[in-house]
Structure formats: structure tokens, C-alpha cells
Amino acid sequence: MTAPKAEKDEEEQPLQAVLVADSFNRRFFPISKDQPRALLPLANVSMIDYTLEFLTSTGVQETFVFCCWMSSKIKEHLQKSKWCRPTSPNVVHVITSDLYRSLGDVLRDVDAKALVRSDFLLVYGDVVSNIDVSQALQEHKQRRKMEKNVSVMTMIFKESPPGHKTRCEDDDIIVAMDGKSKRILHYQRAQALKKLHFPMNIFHSGSDEFEIRFDLLDCHISICSPQVAELFTDNFDYQTKNDFVRGLLVNEEILGNQIHMHVTKDGYGARVSNLLMYDTVSSDTIRRWIYPITPEANFADQEGQSCTHSRHNVYREPGVSLGHGSQMEENVLIGRNTVIGANCTISNTVIGANCVIGDNVTLDRAYIWNRVHIANDVKVKQSVICDNVEVKHGVVLNEQCVLAYNVVVGPDITLQEGTVLSMHHPDEEDDEDEDEFLSDDDVGYSKDKTKQKVFNPAEVGSEGKGYRWKSSSLDDTEEDELAECIWGLALNPDPESDSESEVSEGSHDLGSHPASPELDDVKVFQNEVHGTLQRGLDENISCDNLVLEINSLKYAYNISLKEVMQILIRVVLEFPFQQQGAQISTAQYSSHLLPLLKKWAPVFKNYVKRPQDQMDCLASMEEVFLERETHWAALVKVLMSVYQLEILEEEGIMRWFKQSSTTGKSQQLRRNQGLLKFIQWLEEAEESSEGDE
Amino acid sequence: MELQAVLMAAGGGSRMMDLTYNTPKPLLPVGNRPLIWYPLNLLERVGFEEVIVITTKEVQKALSTDQRLKTDVKMRLDVVCIQEEADMGTADALRHIQQKIKTDILVVSCDLITDVALHEVVDLFRAHNATLSMLMSKVHEFTETVPGQKGKKKAGEQRDFVGVDVTGKRLLFMANEADLEEGLVLRKSIMRKHPRMLIKTGLLDAHLYCLKRSVVDFLVHNKSVTSIRGELVPFLVRKQFSKSLNSQNATEDTEKNQKQQDAHHNFELLSTSKDEALLQLARERSCWNDHRGDMSEAYHGGKLRCYVHIMEEGMCYRVNTLAAYIEANRVVPKLFEDPPIHPSAVVSERSLVGSDSIIGPSCQISDKTSIKRSNVGTSSIIKEKVKITNSIIMNGVTIEEGCNIQGSVICNNAMIGRGADMKYCLVGSGQRIEPEGENGVAASTDPLSPPPPHPFNFSTSPPPTFLSSLSSWTRLFGHNL
């Protein structure tokens, strides 16, 4: 499938790269609904330009850009960029298809079209890096020469120990490698694990030195041999690179392919896989960690982007005007023709072109894109504000807010931490779920539709425009990505959680287990019944089966039928308290309870048959309500309901009511206004029915 | 006194029973000195003036009578005897002598022959205020053929997995392959603290440990721990990462402290805790840190720390197998500047003794005899026309004329008959190999000696062949090989 291997002149082959300008996930929704991820600006330059600059500077002469989602936009961007000028040392081919659903599809296409002739670089369109891969490439070639075609891939990692900013929590990987040959033996994502498990067979490689590394960040740059594309073709179930790596490692003995790694010491490489990484990589760019790729370098060679660099890493493009008393403290990049009002404090912030910022604005770790209007007295902390957003005066954006394209917020509203606002209504997702990767022309359509829906002033302010975006529960598991949140995983995974387990382990050493208090059978039975009903509710189990379960419990705990009924009543009546907490009001209580009674009526009918049962049933109801004086008003509703559901008959209720009550409290209960009315109504109904006869 | 030295010399040498059946392991001659001399010398070289020797009655007697040892070792030996039958482990032995232990201790095994700069281990112990520091070395490949064993060591030997941090000093993980059937499991919290862990196999534990005084107290109160290497060290390594040490009363460390109090060690406790407070203060005030990459305090707040010094070069042998014994005998003479031929030995001028051989005191070596790459022990008599290569002849051995001995070990007081031809044989103490042609079977003095394997099977039998009553063998070799 690959081009005939002309080994002899392999050295002279120009280095090729495959750039995947699609993430195949919805991590950046709703932002990436309007703009593909590769084109999002990072320090005012599209991310794909960073990737292409990296590829070019590392010696790539031919790049294949694969796009799917909004491919026309990417194509358009590239055609305008310096990469498509005739002078470009890196020839860029754009290959688009709506059918790519994963990295696997792209590489299968690479194989089918026989695009690569030799070892190639594989990167995503959102990788920012200044790594010089030539050494790794040389090592890779050396390995390929030494042992023919055994090593198929060299992955490039950057040191980034736990706690380091660029350590992406999604990519919390642990790698076991051979200490000498740098061969990857085990590769695992560890974010949900407390214990790391390494199978023994990885230690049988004949080496006596292994290294387990938890301080690596996958730069998502890999040097692949053409075999990689073939392997993707052969294994059509490989979707992601993760599938590929794991598949290769697990089947190493069968396929005989190996993966090696290269750890860069001083290079920078990171993939902007979520907004947290966006934040980190942006600030690293401004702090010049990615030198020589710096904002003032204007490597993308765009007109008007040349900016000046002054101390404290303050960058200004031409035409910036700064009002009186405004301070740019440190690490600030301001795009051209942006106007900033008076008395603003700006730190660690990127502002795009043609923005207007009012007076007394405080910006910290804000990423403001182009043509944004921010009115006076606004505070923004660690948030992303997309193109054409209008922030009215007095708005406060707390950490990790996102204002997607064209949103209007305010005035005088405080957005909670993690608020995401978008012009796209979260529900429209459902309509276009089928073909959301198709193209961008449905965006206009959805815009029309959103206009019909009403903006909620509580969410966006009285003059605001936009909807609160809920990260819909996508069961998009084909990528085995995590539950996707735009900002990535929790910032600081609590290290104490580990020590807890250690504590428990420690006590385990001593074998001291505090015995749980013994419950008597009735109590246990009650718990079981509660559990059964709860499950019945959650899983929608039919009443017949519930009866079966309760009956079997009855036998298991040796409970009499009368007790079963009493307990059942008690459990059901207390159910709302269990679910909603004991503090709920009477109205809430009855509104929760009545549907339950209706739902479980067949269960009650199964147990309440004889007149005596009715009396027992009422007695236990009375018992429950006597314990909860505040909810007496609900009793009448309960009685009404069970009467209407024909669980209890009027005779029974009357008999119970007229029963000579023993305690003062139950007499008090019977004097309840509502109850008296109900009884009266019952009596009348009885009389009328008698009259009818 | 900073450290007290404890020498463990009560081991039976169970992995080389053939040699130790009659001679206790500490007294086995290596380069014509008893094995125990080497660790004693190691300690003396670095300036110890006193050492507690835990050993058996038999060895004690030998120690007190061996003149050469007395003149060589100037340290004061405080010999503590334990009963051989009691089957005590090394930790039991420490518990046994706890009354004598006043400070931190350095525990050495009697079978260690090394030229390590001992301060490396002690420096780790001092610098990090460690609870444990130990010595390891790269495993040596034994190149020589071992008597009774064909080829290399059996494959599939259980390896030790030792995990160290990136500096190669901090001991993070320790397990034997046998315990790792279900794979190697590490807690993520350890990896978070030490994100780069080197897992090394192929290391030899030299059984040399620096231990804190409190560990001995811990042993006193935890009688179930019997062995230092088998139980105590892995326990300490594991415990490094138990946060609960400091918070929970129920766990070992505080228990240790509490029990210390219970045991009326209040004085020591107070004095150490005073030191602790000063150290703590020093650490807080300094910008020093033991790790980089995150912002947490030095040692991540852990109080218990284990370190290991791994010898990259130099010599380190544990004489606990026959192969190691042979190898040590070959290497050791080169290290010491003793004259290869003891002045009191009588060596015929018409014999050939290679410079790579050593001849012990009062030996007699007759004419036309050649000795190459071999050690000959005290008071051995070697007759005419004997050819000895690559062999170890212990003390009081008589070798009659015309023998050809190659790659063999001849134990004390053995008698090799005339004309014997031996290759890779092991002759037990006091055995007599009858002269060629005389078909007498020597009475075995060793009831434990295994029945002679089939002659043709000789080379494949896994355990070292015990050539005790095997004169028929000798003849077999003489004629058939």
C-alpha cells in the first residue's frame, strides 16, 4: 500500500507530516460550533499556525492537513496564510472529507492514498511546540535500521511532573519503559486510578533496568513509519492513537512491533486539548517558553500583527490606546487597534484586535478575542471571551467562564464559576446530533432558530443575549475520552484522597475493623423494603415484581404479614423524607408522596385485603403521622388519595376515626381541621349513596 | 559514638551446605583467611573500635583461638553467642542484644566481601536522617564453572525488583518476583511524589544496613518480625508512604513511640525529639529540598526514609553460594598485598607456583608440581607431580603424587589418593579419595552426603555434587575423560 520502499534513497526523502486538524470530539463546544478548534486564536494567532510553524522549523517539507469539521474554514485560512505562498518551504496539501470520524479514519486514508513515502510526523492541529525532532528522528531511523521495521513509532514526550502547569489532567499518563532502549513497555492513562498496575510480562524483556515515569506529558507529536498507517488499515477497530499504542503493546509478542519514546529536556510541546491547557499554553507563549515562537516574532507573517515587546512581557500591536491610569502589570498581549479605557488593571491577559474596553476594568487571566466590547466596571478572572461578545457594565466573570461568539451579557450580573454562555441553545444539539460533523452551514440555520427562543435574564442579564450551555451528557464513548468538560478535569485532584486510602490501609494492617452496629430483623427488613422501593423507582420495576421481592424478603427475615404491611406503610410515608431530607414543607411532602402512592397502589392492594388489614394500615399511618406533628395537614391528602385509589374503603376510615383513641395526641390528630372536613365529606358521600339506594 | 557495628555471624550457610557441613560459614577460608575476617576488616578500615559479633559457640571458640585473626583484628570484639538450635533470624538476634544497643546501628553480615567506601552508605544515613540505608551492588555473573553444576546458573531465578528515585538513592519499592505474580502494583500517590522511578533488577543486596535506634525498639515490640532482609526492610520501605504514620494512633510509627514510652525509654525519646525539633527548624529555614518538580516540602513531609547506595563499580560479594565462594576466592587475593606464598610454607624450587595462586602457612609443596590460579590453605601437603588449576584447597589437605585437580574445591583435611584426576569436583571435609587402582570405598564421615549420582549424570545434576565416598568416580575420571 505504501510507496515501494526505496530504502537506498530513504535518506534523501523529504520529511513529511500528517496534520490532523480535527479533534473528533466536542470538547470545545460551544466555541467550536462556530469555529474549528484549529483556528481558535491563541495569543492572537490561530493554533494551526503554531503547528505548521513547528513542523516547518523542524524540517518538514510536505504536510498533509486533514480536516473534517468546518473544513472549508480551515482551507480558506490556509490558503490565505503564508504556508500556501509559493515561497513556503513546507508544501501544504489540504485533504478534506466529511467521513473522517477519528484519527484511525485519517490514517487509513493516508494508507489508501499512499501519501507517505517514508517516516512521517503525526500531529494534531492544536499542538504548540518548539521541539527539534531531528535527534528523535535520527534515533528512530537508527532503530529502524538496526532491527528492521520492529520499531514503528517514536512518541515524543516532555517532562512535566505532577503539579506542573502543563500537566494535562486528561492526559495523566504513566509510562513504563526499558531504561536502556527507551522502548515503551506500558502506557496507561491514570486519572481515575489509585493504584497503578503493571503486568509482569513487561519486565521479561531481558533488561535489568526499567523506568516508570509519571512525569511525562504526551506532546501528541509522533514519528511514525509508514507501517503505522498500514496497521491502522489492518486493525479497523483502532480509532485513536491510544487504541493504537495499547493494541501494539498488548500484541507486541504477536505482531512484533515496538514503540519507542523520546523525552525532550528543554523543548516545549503541548496539545491544547481543553481550555485549561489553552490557558496554560497561552500564558507560556506570552512568558516566552516557546521561544523562538513568541508573539512579537509574527511568525505567521500576517500584516499588522507585528507587536512590540516591553518588559514584564507586555506586548502591544500597533494602534493600541491605553487610557489614563490603566496598568498593564505583566504578561499582557494586546491586539491592534484595541482601545482601553482609564484606570484598568490588566495582568496575564490576551486581548485581540479591535476590542473596546471601558474604564475601571480588571482583567486577570482573561483571553479576549477580537472585536469584543467590554463596558465599564467589569471584572474578569480566568475566562475566555470569544469574538464579538459584548460585556455590559458591572459584569463580573468568575473563574472559568466562557462567553462564546456574539453573546451579550449584563448589565450588572455576576456569572458563577464555570458558566458557559453561547448563542446556541443547548437543546438544539438534539436536532443536529446526527450530522454535527457535517459542515458549518447548519450554523446559520440554528442561529435563526435560537432567535425564537427567549433569553433568560437571570442567566445573561436584562439586556443579555445567549443561553447557558450545559455540557450535554454525551455518551460519545467511541473516543474513550473522558466525560467532557470544556475546562478539562478538576484542577487540583485532591491529594488527600490518597492518604485516606493509606489510612484505611494502615488500619487494615492491624486488622481492626469497627463492627457495624447490629440491626434487628425488623429494622433490616425495613431498610430492605426501602431499598427495594427505591430501586423500583429508579429502574421502573413493575409492581408485581416489587410484591414478589417484598414477599421474599418477608420470608428471609421471618416477618408476619401484619408487620409487612405496617412497615410498608411506614416506608412509603417516610419515602419523601428519605429522598428530600426531613426539612421539606408539608406541601412538598404531599406533592412527592401522592404520585408514589398512585404508583404503588397495586402493591398496597396486595397487602390490604381484609377489613382488619385496613385498620392496621390506618393505625400505622396514624403512628407515622404522630411522629411528625408538623405534617398533619398532609394526612388528609394521603387518606383522600388512598381512598380514591380504592386501597382503603370509607367504612374502614370511619371505623378508624371513631375508634376510641387512647392518647391525647391521637385525639388531637383527629381534631385536625382538614381531617374533620374529609370525614364529613365521607359521611355525606355515604349518606348520598345510601339515599340513592 | 555515632554508630554501633553489629556483625551477624550465626548463619548456617544453608545455600552451600556442602561446604558448611563441617566448617561454620564464618570460618570458611577465603584467600586463606576466615570469611569473618573480611567484614571485620571492612569495619576496622573505617575506624570502628568495637563490634558486637553475634555468632555461635563454635565460631566463638575459633575466634578466641585463631592467632592470626587475633593479630589481624585490633578491634574489640564483643561476642554474643546464640544457640544454634534456636533458629533465630537476624531480627531476632538484634532483639536479643537490644540491651547493648545505645545508638544507631550498622548491621553487617559475615559473608560480605567488599571494597565499598562504607562512608557512602553512612553518609546517606546521616544526610537524610534516614531510618534505613543499605548497600546494594550489581550482581556479578559468575564465569567459572561450579563443581557439580553445569553451565550457567539456572534461568528463572526469582529476581528482586528494587525501585529507586531518579537520584538512585532513595529506596521506594522492593519486592521479589515471587510476590509479584499479579503484576507490579504501585500506589499513585508514590508516583506523584516520585514521578520518575527506576526499577532495577539484577541487584545484589549486600546485607549491610544502617538502622535507627528506634527500629530496634520497634523490633522489641513486634516480636513477629524475625528477619531483617525478609521482613523488616520491606516493611520499612512500604511504611515510608503511609501518611497515617503521623496522624493515626493505631499505626506503627506512633505505636512505636508510644511503646517506647511504655517501655520507659522516655529519656531517649526526649533527647531524640529535641534533635528532631532542631532538624525540623533547620529544614524549614533552609531552601534545601530533596526533590524538584513540585512545591511540597522536603521529603513530602515523610518522617520515615529509606536509602540505598548502589555500587556501580568495585567488588561486592556475598559468599553464600558455592559459586560465590569460588569466585571470591579467585578475586580476593588480588585485593590484599600479602605475599602470595606465606613465608612459613615450604615450596620446592622445582615446582611451579603461578603468581595468581596463594599458598598458606606451613604448606609443603613438592617437586614437579604446578599450581595455577589456585588457593592452597594452611598446612596442606602437596606431593610430587601434582597439577592443580583453578581450585581451592582448604586447610590440612593432603594430595598424593600424580594427581590432576582442576576447577575443584577440596575441603579441610581431605586426603586425595595417588593419581586422582578430578575435574569440577567437590570433596567434603575429611574425605579420603583412594588411590588409583585401589578399589576401596572410603567410609563417608558425612551421613548427609547425597548418594552418588550416576557417573554419566554427573554434569547435569543440579546441586553441587558431593564427592565424598566416590573413589570409583575418581577412577572413572582418570580413565574415561
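The values are calculated or read from the model by the stated rules, or taken from the named source; none is laboratory data. All figures in this text were calculated on a predicted structure; none of them were measured in a lab. Cβ atoms come from the backbone with ideal geometry, glycine included; neighbour counts cover every protein chain shown. We work out accessible area using only protein heavy atoms, side chains counted, and drop any ligands, DNA or RNA first. Shrake-Rupley method; radii C 1.70, N 1.55, O 1.52, S 1.80 Å.
Where a ≥ b ≥ c are the square roots of the eigenvalues of the C-alpha gyration tensor, would you call the stretch B:37-168 rounded, which needs a/c under 1.5, or, failing that, prolate if a/b is larger than b/c, or oblate? Note, shape of the stretch B:37-168 comes out oblate.
Among the trypsin sites (Lys or Arg not before Pro) in the stretch B:277-318, those placed in a DSSP loop whose Cβ has at most 16 other Cβ atoms within 10 Å are B:R292, B:K303. Counting heavy atoms of the protein chains alone, B:S286 has an accessible area of about 50 Å² for a 1.4 Å probe. For chain A, the residue among A:L675, A:V350, A:L421 whose Cα projects farthest onto the positive side of the dipole built from Cβ charges is A:V350. Electrostatic tally near A:I95: other residues with Cβ closer than 9 Å to its Cβ, Lys and Arg +1, Asp and Glu -1, net 0. Each label point was placed 7 Å from the Cα along the Cα-to-Cβ direction; for A:Q13 and A:E463 their separation is 6.1 nm.
Between the stretch A:593-639 and the stretch A:333-358, the alpha-carbon centres lie 67 Å apart. Proximity of backbone amide H atoms, modeled 1.01 Å from N, is registered between A:L185 and A:A176, A:M177, A:D178 at under 5 Å, excluding neighbours fewer than 5 places apart on the same chain. In this rough spin-label picture, where each label sits 7 Å from Cα along the Cβ direction, the A:Q416-A:S181 distance is 5.4 nm.
A simple count of charges around A:P295, restricted to other residues whose Cβ falls under 15 Å of its Cβ and scoring Lys, Arg +1 and Asp, Glu -1, yields -2.
Taking amide H atoms as placed 1.01 Å from N in the peptide plane, the amide H of A:G319 lies under 5 Å from those of A:N337, each 5 or more residues away in sequence or on another chain.
Distant-in-sequence amide contacts of B:D421, defined by a placed amide H-H separation under 5 Å and a gap of 5 or more residues or a different chain, comprise B:N404, B:G478.
The 3J(HN,Hα) values that the Karplus relation (6.51, -1.76, 1.60; θ = phi - 60°) gives for the stretch B:312-323 are, in residue order, 8, 9, x, 10, 8, 10, 10, 7, 10, 9, 4, 4 Hz. Gly and Pro appear as x.
Could you list the trypsin sites (Lys or Arg not before Pro) in the stretch A:178-274 that lie in coil according to DSSP, counting only those with at most 14 other Cβ atoms within 10 Å of their Cβ?
A:K180, A:K194, A:K265
Within the stretch B:296-393, the chymotrypsin sites (Phe, Trp or Tyr not before Pro) that combine a DSSP coil assignment with at most 16 other C-beta atoms in a 10 angstrom radius are B:F336. Here the simple spin-label model places points 7 Å from the Cα toward Cβ, and for B:E349 and A:A556 these points are separated by 10.2 nm. Can you classify the stretch B:1-92 as rounded, prolate or oblate using the Cα gyration tensor, where a ≥ b ≥ c are the square roots of its eigenvalues, rounded means a/c under 1.5, and otherwise it's prolate if a/b beats b/c and oblate if not? It is oblate, given that a/c is not under 1.5 and a/b is not larger than b/c. Does the stretch A:1-120 come out rounded, prolate or oblate by the C-alpha gyration tensor, with a ≥ b ≥ c the root eigenvalues, rounded set by a/c under 1.5 and, if not, prolate when a/b is larger than b/c and oblate if not? Taking the square roots of the gyration eigenvalues as a ≥ b ≥ c, the stretch A:1-120 is oblate. How far is the Cα center of the stretch B:29-90 from the Cα center of the stretch A:28-80, in Å? Here the two parts' Cα centres lie 76 Å apart.
Determine the dipole magnitude for the stretch A:573-682: charges of +1 sit on the beta-carbon of Lys and Arg, -1 on that of Asp and Glu, nothing else is charged, the reference point is the Cα centre, and the result goes in debye to the nearest 20. Display every interim value, and only then the final one.
Details: 13 positive and 11 negative charges, 40 e Å.
Approximately 180 debye in magnitude.
Multiply the residue separation of A:A114 and A:Q138 by 0.36 nm, subtract the distance between their alpha-carbon atoms, and state the gained length in nm to one decimal. Write down the numbers at each step before the final one.
Values: separation 24, 0.36 × 24 = 8.64 nm, distance 2.33 nm.
Roughly 6.3 nm would be gained on extension.
For the stretch A:198-206, 3J(HN,Hα) computed residue by residue from phi via the Karplus equation (6.51, -1.76, 1.60; θ = phi - 60°) reads 10, x, 5, 5, 6, 8, 9, 7, x Hz, glycine and proline entered as x.
Size of the dipole of the stretch B:286-370 about the Cα centre, Lys and Arg at +1 and Asp and Glu at -1 on the beta carbon, nothing else charged, in debye to 20?
It comes to approximately 220 debye.
Across the stretch A:113-122, computed HN-Hα scalar couplings (Karplus, 6.51 cos²θ - 1.76 cosθ + 1.60, θ = phi - 60°) run 8, 6, 7, 9, 9, 8, 4, 9, 8, 10 Hz from first to last residue, x flagging Gly and Pro.
Counting Cβ atoms of other protein chains within 10 Å of each residue's Cβ and taking the mean over peptide A:207-219 gives 6.
In this model, which of B:K25/B:K200; A:K148/A:K180; A:K158/B:K188; A:K194/B:K193 are farther than 22 Å apart at the alpha-carbon? Pairs exceeding the cut-off: B:K25/B:K200. From the alpha carbon centroid of the stretch A:131-159 to that of the stretch B:368-404 is 58 Å. When only the Cβ of Lys, Arg, Asp and Glu is charged (+1, +1, -1, -1), the dipole of the stretch B:1-126 relative to its Cα centre reaches about 280 debye.
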